[in-house]
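Engineer: Sharing a structure here in structure tokens format.
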Amino acid sequence: MTKPAKKFFEPLAIGAPQPYREIPVKLERMIHFFPPHIEKMRARVPDMISQVDVILGNLEDAIPADMKEEARAGFIEVAKNNNFGTTSLWTRVNCLNSPWFLDDVQQIVAEAGDKLDVLMLPKVEGPWDIHYVDQLLAQLEAKHGVKKPIMIHAILETALGVEQVSEIAAASPRMHGMSLGPADLAASRGMKTTRVGGGHPSYGVLSDATEDGAVRTHYQQDLWHFTVAKMVDACQSNGIKAFYGPFGDFSDDAACEAQFRNAFLLGCVGAWSLHPKQIDIAKKVFSPDIDEAKFALRIIEAMPDGTGAVMIDGKMQDDATWKQAKVIVDLAKQVAEKDPELAKAYGL
Ligand code: GLV
Ligand code: MG
């Protein structure tokens, strides 16, 4: 039996804050990673806060095993010593079967629980992982008097996790969303690529052979299309957000932009930025295109109550296209609140 509806939103510990009924509306075009064990990187955080939508202290992969405690302490220091304003503060903790997970969560909630918006949980395999962290967070929130619930963001990066993606998305009101982790997922699935996201030159289809034996064109295909679409459906149907994760080739900004844009068009709201130059790529890609936003505004204006049918520039509009337009206009409004230049460009 699944949990009864009336019990779903009950706090899991006496004194823990009420879970959110809906995740707070926030612009989250990029989740910018920093390594908190490096002092120089911690020193850059105050500047980064105004440039990004989400700032995340990474404690998991890419942090050397002998620096895990420094990274945790560095993250707590950053959390305590900064005012984050409208920028969200996240951490990626170590995975559940690691020797560091329990101390990560216990110490961070104890010392910075009121500052932390979202806990990113790697290598989630099923709803059982979320249930455990849900209960643990509630106990720690209660113990330390944390006022607002800390949300959970799962990384979708194991074959079993992809099998269980809908159950993970539905596991708790604490779920914020999910990111695709193409590196771990490739390994877990036995995919034969050493790349972190993006395409692969050998994955594609050949055009048909012709009688004259002309050279056949190889069309590269998107390795991640199926998984991103599956993740978006699981997230949207559960009222949570889907993100593309890391793009590892910092020398290929065009490919990064293409990967981010595919995710955006398929329904993702943001991606990770692992290098400062990916912040601007994410801003560009995950803010609605100006012409598309202006056209969407015209649809909304032409159909004030969202019903009926009208023609705009020879294109048929009805209740369904009104909803499509609303997705874009709602996002443009969120972007406009943060970015006066884009607000002007959108005409908002
Ligand atoms: C991210 O964590 C990945 O494994 O791609
Ligand atoms: Mg990973």
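Engineer: Report the residue count in region 128-153 for those that are more than 18 Å from Tyr20 (Cβ to Cβ) and buried (at least 20 other Cβ atoms within 10 Å of the Cβ).
Structural biologist: Number of matching residues: 1.
Engineer: Ile168 is checked against (1) closer than 20 Å to Phe247 by Cα; (2) surrounded by 14 or more Cβ atoms within 10 Å (Cβ to Cβ); (3) within 16 Å of ligand 1 (Cβ to nearest atom) and fails just one. What number does that condition carry?
Structural biologist: The one condition Ile168 does not meet is (1).
Engineer: With the structure loaded, tell me whether Thr210 is more than 16 Å from ligand 1 (Cβ to nearest atom) and more than 14 Å from His153 (Cα to Cα) or whether it fails that test.
Structural biologist: Working: more than 16 Å from ligand 1 (Cβ to nearest atom): yes; more than 14 Å from His153 (Cα to Cα): yes.
In short, yes.
Engineer: Restrict the check to region 15-29 and report whether at least one residue is farther than 19 Å from His176 by Cβ and in contact (Cβ under 8 Å) with a residue 12 or more places away in the chain.
Structural biologist: Yes: one or more hits.
Engineer: Would you mention how many residues in region 203-248 are within 16 Å of ligand 2 (Cβ to nearest atom), hydroxyl-bearing (Ser, Thr, Tyr) and part of a strand (DSSP E or B)?
Structural biologist: Number of matching residues: 1.
Engineer: Still on this structure, please answer the following. Can you confirm whether region 108-125 contains a residue that is buried (at least 23 other Cβ atoms within 10 Å of the Cβ), away from ligand 2 (no atom under 16 Å from the Cβ) and either of a type in the set (Gly, Ala, Ser) or not assigned by TED's automatic domain parsing to the domain that holds Ser179 (or both)?
Structural biologist: For region 108-125, residues buried (at least 23 other Cβ atoms within 10 Å of the Cβ), away from ligand 2 (no atom under 16 Å from the Cβ) and either of a type in the set (Gly, Ala, Ser) or not assigned by TED's automatic domain parsing to the domain that holds Ser179 (or both): absent.
Engineer: Still on this structure: Filter region 180-193 for residues that are closer than 15 Å to Phe243 by Cβ and more than 9 Å from ligand 2 (Cβ to nearest atom) and give the result.
Structural biologist: Residue satisfying the conditions is Leu180 alone.
Engineer: May I pose another question? Being without any contact (Cβ under 8 Å) to a residue 40 or more places away in the chain and assigned to a helix (DSSP H, G or I) is the filter; apply it to region 264-284 and report the residue that is farthest from Met316 (Cα to Cα).
Structural biologist: Checked region 264-284; the qualifying residue farthest from Met316 (Cα to Cα) is Lys277.
Engineer: When the residues of region 286-303 are filtered to those that are free of Cβ contacts under 8 Å to residues at least 40 places away in the same chain and not in a helix (DSSP H, G or I), which remaining residue is nearest to Gly245 (Cα to Cα)?
Structural biologist: For region 286-303, the residue satisfying everything is Asp289.
Here is a yes/no grid of residues against (1) part of a loop (DSSP other than H, G, I, E, B); (2) more than 16 Å from ligand 1 (Cβ to nearest atom):
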site: Pro36; (1), (2): yes, yes
site: Ile63; (1), (2): yes, no
site: Met67; (1), (2): no, yes
site: Val78; (1), (2): no, yes
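The values are calculated or read from the model by the stated rules, or taken from the named source; none is laboratory data. The structure presented is a predicted model; accordingly, all values stated were derived computationally and were not measured. Cβ atoms come from the backbone with ideal geometry, glycine included; neighbour counts cover every protein chain shown.
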